[in-house]
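Below you'll find the structure, written out as structure tokens, and then a few comments.
The values are calculated or read from the model by the stated rules, or taken from the named source; none is laboratory data. Note that the coordinates shown come from a computational prediction; the quantities given were computed from them, not determined experimentally. All Cβ positions, glycine included, derive from the backbone under ideal geometry; neighbour counts span all protein chains shown.
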Amino acid sequence: MERLPAAASHDSVVSYHPKIKDWPEEERPREKMARHGAGALTDAELLAIMIGSGSGNVTAVDLAKTLMVQVGSLRDLASLDVSDLLQKKIKGLGSARVVTLVAVFEIARRIRSSAVAESAAIRSPDDVAARYIPQLQSKKQELFMVLVLNSANKITREVVVTQGLLNSSLAHPREVFRPAILENAASVILLHNHPSGNPEPSGEDIAMTRQLVEAGKLIGITVHDHIIIAGDTHTSFAERGLL
């Protein structure tokens, strides 16, 4: 009796996973954006355009969805650097694509920050917050900065004095006021971020600020304010009467 051919095993079945170019035109992210605008795309579709192409049987949209599942949201994704993303070890998302994603989010931060014209005078803590929240809200380490102002209250220079855990020994008056002296500045604004998202100043923050205010008086450079950036919020020492 003639033997019937054995049934194909599950492992031998080759599944077909269509590439984006094989999708209906109205569902392809690039064509969808061209026809309906960027607002019509999902977060994953926008990320897929940045990723560019898939890998093997995995499309760029699949990669984007996997990334969103692992990270959580676009805002969370924007806070990650290259090493953070590479540690996710998402197959098909190599260093070149990761660098592209991080670069795009950095461009977005700079655009938001530049909404406050660099030539504009600083008139209130809100002016400083509007300019620096986009830069600092997603930082994972504390950055302590000095904003150097001229007599018209315009920022002429910004200097990162310390990066890491902020304390009075790191933010030494010599380092804080050196850029102001070099610029022949009239005044400065101190600025740092709280990665925890808590805008409340610590006792160390207050003590360090008062030390710097007194040092500024000795050399004739006014400390107008010390502003803490914490996520989307900020705290002004001047408004709180802490200078």
>> Could you check region 28-46 and list, in sequence order, the residues that are in contact with a helix residue (DSSP H, G or I) (Cβ under 9 Å, 6 or more places away or on another chain), of a type outside the set (Val, Ile, Thr) and assigned to a loop (DSSP other than H, G, I, E, B)?
In response: ARG28, LEU41
> How do the pairs read when you match residues in region 146-162 that are assigned by TED's automatic domain parsing to the domain that holds PRO179 with residues anywhere that are basic (Lys, Arg) and assigned to a strand (DSSP E or B), using Cβ under 7 Å and keeping only pairs 6 or more apart or on different chains?
Replying inline: VAL148/ARG157
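If I ask for residues that are assigned to a helix (DSSP H, G or I) and in contact with a strand residue (DSSP E or B) (Cβ under 8 Å, 6 or more places away or on another chain), which ones from region 168-177 would you list? Give the derivation first.
So in region 168-177, the residues assigned to a helix (DSSP H, G or I) come out as 173-177.
GLU175, VAL176, PHE177 - these are the residues of region 168-177 that are assigned to a helix (DSSP H, G or I) and in contact with a strand residue (DSSP E or B) (Cβ under 8 Å, 6 or more places away or on another chain).
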> How many residues are free of Cβ contacts under 8 Å to residues at least 60 places away in the same chain, surrounded by 15 or more Cβ atoms within 10 Å (Cβ to Cβ) and not in a strand (DSSP E or B) if we restrict to region 203-239?
Replying inline: 12
> How about region 122-146: which of its residues are outside any loop (DSSP other than H, G, I, E, B) and among the small types (Gly, Ala, Ser)?
Replying inline: ALA129, ALA130
>> Please count how many residues of region 218-243 are over 20 Å from GLU158 (Cα atoms) and β-branched (Val, Ile, Thr).
In response: 1
>> Whether any residue in region 68-76 is in contact with a helix residue (DSSP H, G or I) (Cβ under 7 Å, 6 or more places away or on another chain), surrounded by fewer than 17 Cβ atoms within 10 Å (Cβ to Cβ) and not acidic (Asp, Glu) is what I want to check.
In response: yes
> For region 76-94, does any single residue satisfy the condition of being aliphatic (A, V, I, L, M), closer than 28 Å to TYR132 by Cβ and modelled with pLDDT under 85?
Replying inline: yes
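Filtering region 180-202 down to residues that are in contact (Cβ under 8 Å) with a residue 40 or more places away in the chain and not in a strand (DSSP E or B), which residue is nearest to VAL159 (Cα to Cα)?
Of everything passing the filter in region 180-202, ALA180 is nearest to VAL159 (Cα to Cα).
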>> Please go through (1) under 12 Å from LEU93 (Cα atoms); (2) buried (at least 18 other Cβ atoms within 10 Å of the Cβ); (3) under 25 Å from the mean Cα position of the chain (by Cα) for ALA44 and return the number of the only condition it doesn't satisfy.
In response: (1)
> Which of the residues that make up region 147-163 are in a strand (DSSP E or B) and surrounded by fewer than 17 Cβ atoms within 10 Å (Cβ to Cβ)?
Replying inline: LYS154, THR156, ARG157, GLU158, VAL160, GLN163
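Does ALA60 meet the test of being at pLDDT below 80 and under 30 Å from PRO134 (Cβ atoms)?
On the way: at pLDDT below 80: no; under 30 Å from PRO134 (Cβ atoms): yes.
No: the conditions fail for ALA60.
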